[in-house]
Each structure stands twice: as C-alpha cells, then as structure tokens.
1. Would you mind ranking A:Asp278, B:Asp225, A:Asp208 so that the residue whose beta carbon has the fewest other beta carbons within 10 Å leads the list?
2. List the lysines whose Cα lies under 28 Å from the Cα of A:Lys222, skipping any in the same chain that are fewer than 8 positions away.
3. Please get the size of the charge dipole for the range B:146-250, origin at its Cα centre, with Cβ charges of +1 on Lys and Arg and -1 on Asp and Glu, quoted in debye to the nearest 20.
4. Spin-label point model (7 Å from Cα, Cβ direction): what's the A:Gln167 to A:Ser14 distance in nm?
5. Only Cα pairs within less than 10 Å get springs; with that Gaussian network setup on chain B, which residue of B:Gly116, B:Gly41, B:Gly157 has the largest fluctuation?
6. Which residue, A:Leu284, A:Leu188, A:Leu179, has the most motion in a Gaussian network model of chain A that connects Cα atoms within less than 10 Å?
7. Using the beta-carbon distance between A:Glu174 and A:Asp257 and R0 = 45 Å, what value does 1/(1 + (r/R0)^6) give for FRET efficiency, to the nearest 0.05?
8. Hey, if you put +1 on the Cβ of every Lys and Arg and -1 on every Asp and Glu Cβ in the protein assembly as shown, which of A:Met60, B:Thr52, A:Met138 ends up farthest toward the positive end of that dipole?
Amino acid sequence: MIIKTEGITKAFKSLVAVDHVDLSIDEGEIFGLLGPNGAGKTTLLSMLATLLRPTEGTAMINGFDVIKQPGHVRRSIGMVFQAPSSDDLLTGWENLYLHALMFGVPAEVRRERIDEVLTLVDLKDRANDRVKTYSGGMRRRLELARGLLHKPKILLLDEPTLGLDPQTREHIWEYIERLAREGRVTILITTHYMEEADRLCDRVAVIDHGKIIALDSPANLKMQIGKSMIKAKVKEPNLEKIRALPYVSKVEAKDGDVSIVLSEVGAHIQEVLCNLGDASFVELREPTLNDVFLQLTGKEIRAEGAESLEERYTRATGK
Amino acid sequence: MSELTGLYALWYREVKVFLRERSRIISSVVNPLIWLVAFGGGLGSAISFGGTGYQTFIFPGVLMMTVLFTSIFFGLYIVWDKKLDFFKEVMVAPLSRTTLFVGKMLGGCTDALIQGSILLVLGIFFGIQYTVYAVVILVLFLLFVAIGITSIGLAIGSQMSSFEGFGLIQSFVVMPLFFLSGALYPLSGLPDWLMIVVRANPLTYIVDGMRGALLGIYNFPLVEDVVVSLAFVAVMVGVGTLAFKRMSAT
Ligand SMILES: Nc1ncnc2c1ncn2[C@@H]1O[C@H](COP(=O)(O)OP(=O)(O)OP(=O)(O)O)[C@@H](O)[C@H]1O
Ligand SMILES: [Mg+2]
C-alpha cells in the first residue's frame, strides 16, 4: 500500500471539500480520480502533496505521514498541477533545469533526462524559447515533462492531458503506462476524459461533494450498468413490453429517443427490437465510463447530494 | 548537498528573471538618478555640509535607498509568486523551508547589489572620488541593507495573501526607514525626539558607515555601525526563516 488515506478531510470554513476519504493504492497501480468540477480532486491531491494541511485524518505516502513527515513525502512524489506553474520569463529548458536542480536529479544525468522528457513531449525545437511564447498545449506539455523529470516513485497528475491534441495525449498515455508497468511508478491521476480513465486506470474512484461514491476497475464499473445498451428512435415505443423482458435492466424514453440497458449480452437484441415498435434508428453499444459517470453524478444522485450538503454543513458548523 | 543545489537553483531563477526584465533594472537606476540630480542638485545649490556639496553628501543615502527599495519590493513580490502556481512547484520540492528562504533572499540580494553597483559606477559622473577602502566598505554595508531588508520583505510577503496591504507597508515601513535614517540630512542638531527615532533605525548606522568611509563624515565609530548592522541582519534573517516555516502554500 504505497498510498493510504485515513479519513482525510479538508474543510474551507463551512465547505467540506474533501470528506473523510479512505483510499488504498498499490505500488505500480494507475489510479484514476473522476468527479465533476468542485468535487474535491485537486484539494485531495494537494493534501497528499503536503501543500494543504488536512483538517482531519491523514495519509501515508510511501510509508511517510503527510502531516508529520512532509519532507520524506515530498522526496517520494512528483506533481503536475492543474493550473499553469512554469516560469514565463524563463525558457522551457531553463524551467526543466531548475526543476532538476531542486528535485535532486544527479548532475551526470541532468541534461540527458531533460533531453529525454523534451523529446517525449515533442518540445525539443522550442526548448530555448521563453515559456511566454508557448501555446497553452505546449505549456501543458512542458509541465508534464517537468513532473516526469526526476522519476519519482509516485506521480500525482492533476488533469495532465487537459487541452492536449489527440496525438500528444496518446504519447503521454503510452509513457505513463510504461512508467507504471516497467518502472513500478504509482500514478494517481485526475481527469475529465472518460476514455483516458478507461484506457489507463487499473481502478477508478468517482468522487462527488468530497466523498467517494464508487470505486472499482473501469470494467466492473461499466458492468454495474449493464452488458449492452441500445439507443433507438421510435415514434410510439412499446415500453411496457420491453420492461417486462427479464434481461432488460433499465428503460428510459424521452421524445421518441429510447435507451435500453441489457443485463446480458447476446441473442436478445432481436427480440427487443421486435417488441419495441417501428424504429427509424438503432445504435447498439457497450456501456462506457461516461454512462457510469453520468449515472453516478447525474440528476438522481444530485438530489441525494443536496441533502448530504446540508448534513455536511451541520457537521461543519456544529449546529 | 541536495539542499545546496536547490539553493543554487532558487538563486539562479531570481537572477535570470531579474536580468531579463530590463525595464525593472532601468527604472530602478533612473529613480535614484532623479534624486541625485533634482533633489541633490536643486537643494545643493543652497546648502552644503562640512565643506561637502549636498549632492555628494546624500550620495551614500541614495545608494542605500536604491538597495532598500529593490530589496523590500523583491521580498513582497513573493505574494505574486504565491498567486501563480509556480510557487507550488517550489513548495513540493524536497527542500527545507530554510533553504527556500535563503535561496530567495540571496537572489534578491544579488538583484539589489547589481543595481547598487550600477549606481556606484555612475557616481563617478557626479564627481564622487572612490578609494579602494571606501568601495569595500560601501559594498559591505549595501550587502547588510540587502540581506536585512529582503528578509523583512520576504517575512511580510510570506504572511500576506494579496497585495492589499502594500500601501500600508509603503507608508509605515519603507518611508520611515528611509526618511529617518539620516540619508538626506546630517544628524548633528536634530531635535531630541527625532534623534531618538533616528538612532533606533538600524539604517542610520548603515548610512553613517557608508558616509564615513566615503566622505569622512560620521557620527558613530565604524565598529558601532558594523555591530548594529550585523545584529539587524541576524535578527531579520531569523524572522524571515521563521516566517517561511509558518507560510502556507495558498
Ligand atoms: N483555498 C480554498 N479556499 C476555499 N475554498 C476552496 C479552496 N480551494 C478549493 N476550494 C473549494 O473546495 C471545493 C473543491 O475544490 P477542488 O479544486 O478540489 O475541486 P476539483 O475536484 O479539483 O474541481 P475541478 O474539476 O474543477 O478541478 C470547491 O468547492 C472549491 O470552491
Ligand atoms: Mg481540480
């Protein structure tokens, strides 16, 4: 267990941004944190990185306590921040060089490493330009390169591929995978890209209002929703008949758009379509993490969430 | 060892950034020149002290002022650093807070001393006659100002989260330190109440030491000037280090 949080909590005045979170992450695991804006992802990462002090609970990182041994924790981690954090007036190379110095990259390999990460993020030909002349995506790539530079045991990546083009993103994914599989680096990544989480993560936690509301492998999370999904356009759908079918787990209809979730794969599709009515369009697909996310953090869940917001307020103010 | 490398990195960053911001260097040198030409020249046509022209008389004080202003604002600038996430990158580095403070402080001192040196050279055009001894003493005292005042700036800046208090610091810290230091007037013949305040200001001893070395005009023995300055520097470095230990990242 290289990362373990124990009831870690952060309150900003009456707002509980992270609410008694317990997480255990194994060495070499790629662990994803998903959640809507303001869910508490960055706050959680900041506490793990010793930048914010938990109001309650604690976390052990690489065997060190974030509150009592922040120095050891910092030596174990690398972080890519959500917001821009490179120095505008310096060149890309200089930013990396400074990082290498501050994070104790040995002198013999400094230049080599810098070269390596610059190649990875495809910034070699811009390395000697000042960062203020970079595009947003180039900055992001530089910061990512910086986080990887000192080869930490644990990487905390806060939306690392935000705003990157598909090709660069693919490169980064491959590199992150290699780090975890071959280098045994543990990676905690937040993202709003479901395909990223699906593709990369061994396990995913969905966090909302500071609480973990689901935690499993992407495959299992998707399985919870169902085995396959049918979307169809039908003028007058025969919903009753569909609902009565034993392997149909969920049916929703809105203005002639019908979506059906099946709990089993395979031969039933024809039966469903036959019973449904006169369809002008049909799409058959497997559930995605996006479906999981929407279901977990969507409307129904939100209503519950509003209640718990009140509860949290009560707890925080002691009233 | 790694702390030392980190220290070097922090210093390197400050100096690099400083040298790239030409406009900052130019304005910080033009400002004291205006003092020398307009104030020193204007008032100097009417008064002189101990056979020395007024312009020459205030030259050490204006040198001190240049370093004072650069240093204090360098220190306060850390508020800006904290706003940009660049500082978070520094805060997650495996470096002690003391190293952070010392690295920043040395960076600021270097900036301030570069400006002081430019002004020292320009002094030649104002008819200042240097001896080797005078230059050594001047630089030494400028170093004291730079370390002490950068530390104050960093200490205050590290505890602030916005630029709101800047005006207050300007009025209640920077201006009194400068105007009550004897930078612009001789200490002989000051009213008692003013003398008490002036003698409580560590910068008084720094100006006194500089003027003594350059012009032979002084109120306190050199040893006293040095001892008071050193005590001032030591206290401020201590305060700055403590302030950094208590600083939060956001
Ligand atoms: N320094 C702060 N002071 C007060 N409130 C804060 C502070 N930092 C974060 N918050 C609040 O804590 C909550 C969680 O914020 P956080 O940045 O962790 O969300 P997030 O999950 O990273 O969101 P996003 O996807 O938008 O990055 C938000 O309601 C935010 O307003
Ligand atoms: Mg965030």
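1. Listed from fewest to most nearby Cβ atoms, that is A:Asp278, A:Asp208, B:Asp225.
2. A:Lys222 reaches A:Lys4, A:Lys41, A:Lys211, A:Lys231, A:Lys233, A:Lys241, A:Lys250, A:Lys254, A:Lys299.
3. On the way: 4 positive and 5 negative charges, 51 e Å.
Roughly 240 debye for the range B:146-250.
4. Inter-label distance under the simple model: 5.2 nm.
5. In the Gaussian network model the winner is B:Gly41.
6. Highest fluctuation of the listed residues: A:Leu284.
7. After rounding, the FRET efficiency stands at 0.75.
8. Projecting each Cα onto the dipole axis, the largest value belongs to B:Thr52.
Here, each number is a calculation from the coordinates, and none is a lab measurement. As the structure is a computational prediction, the values presented were derived from the model and not from experiment. Note that each Cβ is placed from the backbone with ideal geometry, even for glycine, and that neighbours are counted across all protein chains shown.
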